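The values are calculated or read from the model by the stated rules, or taken from the named source; none is laboratory data. Here the structure is a predicted model, which is why all the values come from computation and not from measurement. Neighbour counts are summed over all protein chains in view; Cβ atoms, including those assigned to glycine, are modelled from backbone coordinates with ideal geometry. Surface accessibility is based on the protein's heavy atoms, side chains included, excluding ligands, DNA and RNA. Shrake-Rupley method; radii C 1.70, N 1.55, O 1.52, S 1.80 Å.
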Amino acid sequence: MGDHKKYFSTSFRLNMKKPTIATLFAGGGGDSLGFTSAGFELVFANDNNPDACETLRNRFENGSGKKIVHKGNVEKIQDFGNANVITGGFPCQGFSLAGPREIEDKRNTLYRELKRAISIASPEFFIGENVKGFVTIGEKSKAKYFHDGKIVKLGKVAETIIRELSQVGKGYNVSYQLHSAKDFGIPQDRERIIIVGVRNDINFEFKFPKPTHGKGLKPYVTMEEFGIRDIPLKDDEVYRERKGKRKDFFSSRYMSRNRIRKWNETSFTIPAEASQVPAHPSSNRMWNIDVTGTNRLKDSEWAEFRKEHEKDICKSLVRLSWRQCAAIQGFPKDYPFSGDIVSIYKQIGNAVPPLLMKKVAECIIPYYKGKKSSY
């Protein structure tokens, strides 16, 4: 009798409709694309950026007549659809190592909207995503929080957020892990924290995806191997900051760090700020003078140095195009981004690499096929 019952339970899951997903802070759709590529159906997506919403509509509604995308303040939304999974890459600027990292930054409190959505929809799973700096927000001590690419300790703020997420509704078994995009065949140095919650009444052991590339595994994938070099550098797809006498201005912040990686390397992290996008690999150098080694300046000296040495900036220096950045992130070539060039760069840089999120989704989909573990 037990086996008979098990058979019908498994059979039901195998024959059910596609499991559904709702995304908060959906942006240009990195997590949405990753999950739908793994077999989920997107039933709800929200963002307050009109360009991102148009991108989402073009890709996921596509004239179907279905109302999936909801533009506006997430705080005003009460219905998050009948979702089996909710994802919420809550805005990370306040947590970023490159940003102010203020505890009271309003962007740091939006995780509460993820909590609210979970409490309303009671999904079997939820996914959160954030930058590495999330772990140490508000911490001033030099205690070790990471070791050998793994999280060994959470800061007090991060610990509180994880605890609160675990206590929503019926309660969730929450796990978290630091992932590097290049460990999964994506040609980019990009570390992000993935948080996964499994509802307590679910008989399923979630396991994070295993890296496929790196030490002892396949070699990291280079930009050339990923096909980035084959994407033409079109002038109207490249951000050029017109400032002063320059048609393409590069700030002291930009010029103070190496931004060039060769085709046979992985890319630097693709940022959301157009002006800080990595240089195109065809740019042989940034400066015509040596600013390395003993000639290296202190951070406080770069602004003045940049003014005095305007003429020494290499003429061939140019940023990667938004289309090349999108491909480095793992978006398909025909992905329909909307908005002006700055907005498109922002959508791309803020996104979770779709291929990384697909790997996570593939560790959840076994539950809907009657499995009790990710693998």
I'd like the FRET efficiency for residue 287 and residue 203, computed as 1/(1 + (r/R0)^6) with the beta carbon distance as r and R0 of 51 Å, rounded to 0.05.
0.30
How do 61-72, 171-182, 256-267, 188-199 rank on mean C-beta neighbours within 10 Å, highest first?
188-199, 171-182, 256-267, 61-72
Beta bridges by DSSP in the chain, antiparallel share as percent, to the nearest 5:
50 percent
How large is the dipole of segment 245-375 about the Cα centre if only Lys and Arg carry +1 and Asp and Glu carry -1, each at its Cβ, rounded to the nearest 20 debye?
380 debye
Measure of size requested: the Rg and Dmax of the chain, with Cα atoms as the atom set and Å as the unit; please supply both.
22.0, 83
Compute, for the chain, the length of the dipole vector about the Cα centre, with Cβ point charges of +1 (Lys, Arg) and -1 (Asp, Glu) only. Units Debye, rounded to 20.
480 debye
Taking a label point 7 Å from the Cα of residue 73 along Cα-to-Cβ, the residues of segment 331-375 whose backbone nitrogen sits under 12 Å from it are none
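Can you work out the accessible area per residue across the chain, with the rest of the protein chains kept in place, probe 1.4 Å, in square angstrom?
Numbers: 18670 Å² over 375 residues.
With all protein chains present, the chain gives 50 Å² per residue.
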Distance violations [Cα-Cα > 23 Å] among 315/346; 150/358; 215/262; 142/358
315/346; 142/358
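Contact order normalised by length for the chain, with contacts defined as Cα pairs under 8 Å and 6 or more residues apart; what percent is it? Don't skip to the answer; put the middle values down first.
Details: 698 pairs, mean separation 68.8, N = 375.
The normalised contact order for the chain reaches 18 percent.
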Solvent-accessible area, 1.4 Å probe, carbon plus sulfur percent, for the chain:
49 percent
Picking from 34, 216, 339, which is most flexible by a Gaussian network model of the chain using Cα springs under 10 Å?
216
Between beta-carbons, use under 11 Å as the cut-off and find the net charge around residue 263, counting Lys and Arg +1, Asp and Glu -1.
-1
Set the Förster distance to 45 Å, then compute FRET efficiency between residue 303 and residue 224 from the Cβ-Cβ distance, nearest 0.05.
0.80
Is the shape of segment 199-269 best called rounded, prolate or oblate, per the rule: a/c under 1.5 gives rounded, else a/b larger than b/c gives prolate, else oblate, with a ≥ b ≥ c the square roots of the Cα gyration tensor eigenvalues?
prolate
If each K or R counts +1 and each D or E counts -1, the residues other than residue 120 whose Cβ falls under 11 Å of its Cβ total 0
Could you calculate the FRET efficiency of residue 251 with residue 119 from 1/(1 + (r/R0)^6), where r is the beta carbon distance between them and R0 is 51 Å, rounded to 0.05?
0.75
Compute the signed sum of charges (Lys and Arg +1, Asp and Glu -1) over the other residues within less than 13 Å, Cβ to Cβ, of residue 43.
+1
Taking a ≥ b ≥ c as the square roots of the eigenvalues of the Cα gyration tensor of segment 201-328, is the shape rounded (a/c under 1.5), prolate (a/b larger than b/c) or oblate?
prolate
For segment 127-213, what class follows from the C-alpha gyration tensor (a ≥ b ≥ c being the square roots of its eigenvalues): rounded when a/c is under 1.5, otherwise prolate if a/b is larger than b/c, else oblate?
oblate
Would you calculate, for the chain, the mean residue ellipticity at 222 nm contributed by helices, counting each DSSP H stretch of 4 or more residues as -39,500 (n - 2.57) and dividing by all residues, to the nearest 500?
-6500 deg cm²/dmol
Given charges of +1 on the Cβ of Lys and Arg and -1 on the Cβ of Asp and Glu, with all other atoms neutral, how large is the dipole of segment 120-219 about its Cα centre, in debye to the nearest 20?
400 debye
Given Cβ charges of +1 for Lys and Arg and -1 for Asp and Glu, the option among 137, 119, 167 whose Cα lies farthest towards the positive end of the dipole of segment 102-174 is 137
